[in-house]
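Peer 1: The following block contains the structure, expressed as C-alpha cells.
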Protein chains: 2
Amino acid sequence: MRRRKFLTTAGIGGAASTLAAPAIAQSMPELKWRLTSSFPKSLDTLYGAAESIAKKVAGLTDNKFQIRVFAPGEIVPALQALDAVQNNTVEMCHTASYYFVGKDLTMGFDSGVPFGLTARQQNAWMSMGGGLQLMREFMADYNAVPFPAGNTGCQMGGWFRKEIKTLDDLKGLKMRIPGIGGQIWAKLGAVPQQIAGGDIYPALERGAIDGAEWVGPYDDEKLGFYKVAPFYYYPGFWEAGTQITLMVGKQHWDALPAAYKLAVETVCGDVNGEMMARYDNLNPQALRRLVAAGTQLKPYPRDVLAAAWKATHELYDEFSSKNAKFKKIYDHWKAFRDEQFLWFRVAELTYENFAFTANQTVK
Amino acid sequence: MRRRKFLTTAGIGGAASTLAAPAIAQSMPELKWRLTSSFPKSLDTLYGAAESIAKKVAGLTDNKFQIRVFAPGEIVPALQALDAVQNNTVEMCHTASYYFVGKDLTMGFDSGVPFGLTARQQNAWMSMGGGLQLMREFMADYNAVPFPAGNTGCQMGGWFRKEIKTLDDLKGLKMRIPGIGGQIWAKLGAVPQQIAGGDIYPALERGAIDGAEWVGPYDDEKLGFYKVAPFYYYPGFWEAGTQITLMVGKQHWDALPAAYKLAVETVCGDVNGEMMARYDNLNPQALRRLVAAGTQLKPYPRDVLAAAWKATHELYDEFSSKNAKFKKIYDHWKAFRDEQFLWFRVAELTYENFAFTANQTVK
C-alpha cells in the first residue's frame with residue numbers, strides 16, 4: 001500500500017521539481033476502501049454523513065483515495081460494523097460505539113453515556129480533553145482507530161401510547177431502549193426491549209410495546225411513530241449528545257500516507273459539525289409537522305429524571321467496581337463532565353434560559 | 001494562477017496514467033498566500049486558529065498551497081483586515097466581521113449580533129439554513145468570500161469595578177464595548193467606549209472606564225482585568241456565539257483549483273469546531289483560577305436583560321427601516337432564530353437545566 005512507484009516518480013522527476021514531484025507520487029497511492037455504515041440509507045442525516053466523508057476525501061486526494069459506502073446488510077448487518085473492521089472485512093465503518101456495549105460497557109463513552117456530555121462538551125472532551133486518546137487506547141484491542149464524525153445533539157425521550165405523569169407510571173412499561181439506557185429504565189421499573197429500527201413501528205402499533213425511543217423529530221418522523229403513539233417525551237437523558245464515529249482498521253490507518261491521514265482527520269472534523277448543523281436545521285421543522293399532526297409534547301416528570309440520575313450513577317459505580325477499563329475512562333470523563341456542567345451554567349445556560357423564552361416573557 | 005504547466009503535465013503523462021497525471025499537475029499549482037489576522041499572537045485560541053488553517057491546508061496540498069499568517073500590524077492593523085482583502089493587499093484574513101459594522105451594520109450577522117444565535121445555531125444557520133449564502137452575496141460588494149472558521153461560544157458580560165444590582169446602576173457607566181453591543185448599552189443609559197484590547201487594562205486600572213468586556217475566562221485572564229475589576233458578569237448577551245471568519249479575496253477564490261477550494265472549505269469546517277472545543281476545554285480551568293484569585297461571579301440582573309432585549313429589537317427595527325441590506329438578512333435570520341430558540345427549549349435546554357445542577361440538587 002506504500003510501495004514507491006518508481007516509474008511514476010522518475011517520470012515526474014524528469015520534467016518538474018525534483019524535490020516536490022516524488023513527494024506527490026509517493027503520497028498519493030490509489031486506494032479503494034470499503035466503509036460499512038450502521039445506519040439505513042433512508043436516514044440522510046446519519047447514512048448521508050458517510051457519503052459526505054467519502055466524497056470529501058476523494059475530492060482532497062484527486063480521487064485517488066476512494067471510499068465506497070455500504071448500507072447495513074450489503075456487507076454485514078448494522079451491528080456487526082465493528083466486527084467487520086476488527087476482522088478486516090472492511091477498512092472502515094461509520095457507527096455509534098454504544099451499539100457495542102455488549103462487548104464492553106467502556107464503548108459507551110465514545111458515543112456518549114446517560115447523563116453525559118452535550119454535543120459541544122463531547123467535542124471538547126474528545127479533541128482537547130484527552131477523551132479521544134483514551135478511546136483510541138481502549139479500541140486498540142478491537143483493531144479500531146476511532147474519529148468523531150457526527151453528532152445528533154440531545155435526543156428526544158421517546159414515544160408513548162399513554163401519558164407518563166409520575167415515576168410510578170414506568171412500572172412494567174415495555175419500552176424499546178437498548179444499551180446502558182435500557183439498564184437504567186430497568187432500574188426504574190420498566191421492561192426494556194431490544195428491537196431493531198424497522199421493527200419498532202409494528203410493535204408499537206399492536207401494543208406489544210408501550211413506548212420506544214429513536215433519535216429526534218427529523219429521524220423519528222420518517223419511522224412514523226407519531227401515528228401510533230401520541231405522547232412525545234423529552235429530553236432523552238441517556239443521549240445528551242450522541243457522537244457518531246468513523247472507525248478505521250488499525251493496520252490500514254498505520255499504513256496510510258500522512259496526507260491521507262490528514263484528509264480523513266480534517267474531513268471527520270468537518271463532517272462532525274456538518275451533521276450537527278443538519279440536525280439543528282431540520283429538527284425544528286419536523287417538530288412543527290409532528291405537533292400539527294397531533295403529537296403531544298411532554299417533559300419527563302422531575303421525579304423520573306431524579307430517579308434516573310441516581311440509578312445512572314449507581315450503575316456507573318457498579319460497572320467501575322467490575323471493569324477496570326470502564327473505571328479508568330469513567331473517572332477521567334466524570335471529572336471533565338462535572339467541570340463542564342459547572343462552566344456551562346455560567347454564560348451559556350443563563351443566556352439560553354433568558355433568550356430562548358424572551359419572545360414570550362419580555363413585554 | 002491557473003496557468004497550465006505544459007512541461008510538467010507532459011512529463012508526468014509520459015510515465016503515469018494519462019488520465020490521472022495531468023489532473024494532479026493542473027490541480028496543484030504552487031501558491032504562496034498571505035493571511036492577516038485581526039487577533040494578537042498572545043491569544044492562542046484566536047490567532048492560533050489561523051495558524052491551524054495554514055498548517056492543514058499545506059498538509060492537504062503536499063505543501064503546494066502555502067498560507068503565511070501575519071499578526072495585526074505586520075501588514076495592516078487588526079481592524080483593516082477586510083480592507084486589506086478588498087484592496088488585494090493580502091489574499092485572505094481571519095477576523096470577526098462585526099469589527100466592520102461601521103461599513104455596514106449587516107456585517108454583524110456574520111459574526112453574530114446581540115441576542116443572537118448560540119454557536120451551534122450559528123453553525124446551523126450558516127451551513128444549512130441559508131445564512132452563508134446570504135452573507136456571501138452581501139460581502140461580494142467587499143470583494144470577500146467568507147467561511148465560518150471558529151467560534152468563541154457565549155461570551156462573558158464583562159468586568160466591573162463596582163457591583164451592578166439593577167438597571168439604574170448602568171446610568172452613566174463608562175463601559176468598554178464596541179459595535180452594536182455598545183449602541184444597546186447606550187440605550188440603557190451607559191456610555192460605551194471604543195478601546196483596543198491592549199489599552200483596556202490601564203483605562204480600567206485608573207478608573208477612566210468603569211467596566212470592560214472582552215471574550216471569556218481564558219482570554220480575559222491573559223489581559224489581567226481581574227486584578228483591577230473584581231466583578232465578572234454573565235452572560236454577554238450581545239455575543240451568544242461569536243463566529244470568527246476566514247475571508248478570501250473573491251478573484252483569488254474564483255481562480256483556485258477545485259481541490260484547493262475543497263481544502264479551504266473542509267479545513268475551515270474542521271477548525272470551526274476545533275476552536276470551540278479549545279475554548280470549552282480551557283474556559284472552565286481559567287474560571288477556577290479567576291475565582292481563586294478573588295473574582296466575584298455575578299449574573300446580570302433580570303431587569304438589565306429585559307431592558308436590553310427590548311432595546312436590541314428596537315434598534316433592529318430602526319436599522320431595518322434605514323438599511324435594505326440589513327432588513328433582508330435580519331428578516332431571514334430572525335425567523336430562523338425564533339424557530340431555533342423554540343426548538344432548543346425542548347430537549348437541549350430541559351436536559352441542561354436538569355443535568356447541569358443535578359450534582360447539587362438530586363440527593
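The values are calculated or read from the model by the stated rules, or taken from the named source; none is laboratory data. Remember, it's a predicted structure, so these values are computed and weren't measured experimentally. Quick reminder, even Gly has a Cβ in these numbers, built from the backbone with ideal geometry, and neighbours come from all protein chains shown. These accessible areas exclude ligands, DNA and RNA; they are computed on the full protein's heavy atoms, side chains included. Shrake-Rupley method; radii C 1.70, N 1.55, O 1.52, S 1.80 Å.
Peer 1: Quick one: what Rg and Dmax do you get for chain A from the alpha carbons, in Å?
Peer 2: For chain A, the Cα radius of gyration and maximum Cα-Cα distance read 22.4, 80 Å.
Peer 1: Rg(Cα) of the protein assembly as shown divided by 2.2 N^0.38 Å? Could the numbers behind the result be given before it?
Peer 2: Details: Rg = 26.3 Å, N = 726, 2.2 N^0.38 = 26.9 Å.
The value comes to 0.98.
Peer 1: Another one. Relative to the other copies, what are the label-point distances for A:Gln66, with labels 7 Å from Cα along the C-beta vector, expressed in nm at one decimal and sorted shortest first?
Peer 2: Values, ascending and in nm: 3.4.
Peer 1: Helix-only mean residue ellipticity at 222 nm, chain A, DSSP H runs n ≥ 4 weighted -39,500 (n - 2.57), per residue, nearest 500. What is it? Intermediate values should be presented prior to the final figure.
Peer 2: Details: 15 runs with 183 residues, N = 363.
Result for chain A: -15500 deg cm²/dmol, rounded to the nearest 500.
Peer 1: With a bin width of 5 angstrom, please list the P(r) values of the stretch B:38-159 as percents of all Cα-Cα pairs, from the 0 bin to the one holding the largest distance.
Peer 2: Pairs per bin, as whole percents: 2, 10, 18, 22, 22, 17, 7, 2, 0, 0.
Peer 1: Label-to-label distances across copies for B:Gly224, with labels 7 Å out along Cα→Cβ, in nm, shortest first?
Peer 2: 6.9
Peer 1: For B:Lys171, A:Lys261, give me the order by solvent-accessible area with a 1.4 Å probe, most accessible first, ignoring ligands, DNA and RNA. Before the final figure, lay out the partial values.
Peer 2: Numbers: B:Lys171 125, A:Lys261 55 Å².
Result of the area sort, largest leading: B:Lys171, A:Lys261.
Peer 1: Now for a separate question. For the stretch B:214-316, rounded, prolate or oblate, judged on the Cα gyration tensor with a ≥ b ≥ c (square roots of eigenvalues), a/c < 1.5 rounded, else prolate if a/b > b/c?
Peer 2: Working: a/c = 3.27, a/b = 1.67, b/c = 1.96.
Taking the square roots of the gyration eigenvalues as a ≥ b ≥ c, the stretch B:214-316 is oblate.
Peer 1: Using a Gaussian network model of chain A whose springs link C-alpha atoms within less than 10 Å, name the residue from A:Thr106, A:Thr95, A:Thr350 with the highest mean-square fluctuation.
Peer 2: A:Thr350
Peer 1: To the nearest 100 Å², how much accessible surface do chains B and A hide from each other in total, with a 1.4 Å probe?
Peer 2: Buried surface at the B/A interface: approximately 7600 Å².
Peer 1: How long are the semi-axes of the equivalent ellipsoid of the stretch B:44-98, taking √(5λ) for every eigenvalue λ of the Cα gyration tensor, in whole Å from largest down? Could the numbers behind the result be given before it?
Peer 2: On the way: eigenvalues 85, 36, 16 Å².
Taking √(5λ) for each Cα gyration eigenvalue gives 21, 13, 9 Å.
Peer 1: Put a label point 7 Å from Cα along the Cβ direction on B:Gly294, then list its distances to the equivalent points in the other copies in nm, shortest first.
Peer 2: With the label placed 7 Å along Cα→Cβ, B:Gly294 yields 6.6 nm.
Peer 1: Taking the alpha carbon gyration tensor of the stretch A:318-361, what are the square roots of 5 times its eigenvalues, largest first, to the nearest whole Å? Write down the numbers at each step before the final one.
Peer 2: Numbers: eigenvalues 258, 21, 6 Å².
Ellipsoid half-lengths, sorted descending, are 36, 10, 5 Å.
Peer 1: Direction-averaged shadow area of the convex hull around the Cα atoms of the stretch A:167-231, nm²?
Peer 2: Values: hull surface 16.9 nm².
Orientation-averaged projected area of the Cα hull: 4.2 nm².
Peer 1: If you don't mind, there's one more thing I want to ask. Nothing charged except the Cβ atoms of Lys and Arg (+1) and of Asp and Glu (-1): what's the magnitude of the dipole of chain A about its Cα centre? Round to the nearest 20 debye. Working shown, then result.
Peer 2: Numbers: 40 positive and 36 negative charges, 81 e Å.
That gives chain A a dipole magnitude of about 400 debye.
Peer 1: Additional query: What is the percent carbon and sulfur in the accessible area of the stretch B:218-363, measuring with a 1.4 Å probe over the protein chains and ignoring ligands?
Peer 2: On the way: 2740 of 4970 Å².
The computed percentage sits at 55.
Peer 1: Charges on Cβ only, +1 for Lys and Arg, -1 for Asp and Glu, centred on the Cα centroid of chain B; of B:Tyr99, B:Cys268, B:Gln122, which one is farthest towards the dipole's positive end?
Peer 2: Checked the options; the winner is B:Cys268.
Peer 1: Using Cα-Cα distances under 8 Å and only pairs 6 or more residues apart, what relative contact order does chain B have, in percent? Can you show the working numbers first?
Peer 2: On the way: 610 pairs, mean separation 76.2, N = 363.
Here the relative contact order equals 21 percent.
Peer 1: Can you give the angle from 0 to 90° between the axis of helix A:258-292 and the longest principal axis of chain A, with both taken from C-alpha atoms, to the nearest 10?
Peer 2: 30 degrees
Peer 1: While we're on this one: If packing is taken as the mean number of other Cβ atoms within 10 Å per residue, what is the order of A:78-84, B:314-320, highest first?
Peer 2: Working: A:78-84: 21.7, B:314-320: 16.1.
Per-residue mean Cβ counts within 10 Å order the peptides as A:78-84, B:314-320.
Peer 1: For the stretch B:114-260, count the residues as N, evaluate 2.2 N^0.38 Å, and divide the Cα radius of gyration by that value, please.
Peer 2: Against the compact-globule rule of thumb, the ratio is 1.24.
Peer 1: Here is a follow-up. Apply the a/c threshold of 1.5 to the C-alpha gyration tensor of the stretch B:93-133 and tell me whether it is rounded, prolate or oblate. All intermediate terms of the calculation are to be shown ahead of the outcome.
Peer 2: Details: a/c = 1.89, a/b = 1.60, b/c = 1.18.
Taking the square roots of the gyration eigenvalues as a ≥ b ≥ c, the stretch B:93-133 is prolate.
Peer 1: Of A:Trp343, A:Ile53, A:Phe354, which is farthest towards the positive pole of chain A's charge dipole, taken about the Cα centre with +1 and -1 on the beta-carbons of Lys, Arg and Asp, Glu respectively?
Peer 2: A:Ile53
Peer 1: With springs only between Cα atoms under 10 Å, which of B:Pro72, B:Pro301, B:Pro148 fluctuates most in a Gaussian network model of chain B?
Peer 2: Top of the fluctuation ranking is B:Pro301.
Peer 1: Let me ask something additional. Report the FRET efficiency, 1/(1 + (r/R0)^6), for A:Ala255 and A:Asp331, where r is their Cβ-Cβ distance and R0 is 35 Å, rounded to 0.05. Intermediate values should be presented prior to the final figure.
Peer 2: Details: r = 34 Å, r/R0 = 0.97.
Taking R0 as 35 Å, the efficiency between A:Ala255 and A:Asp331 is 0.55.
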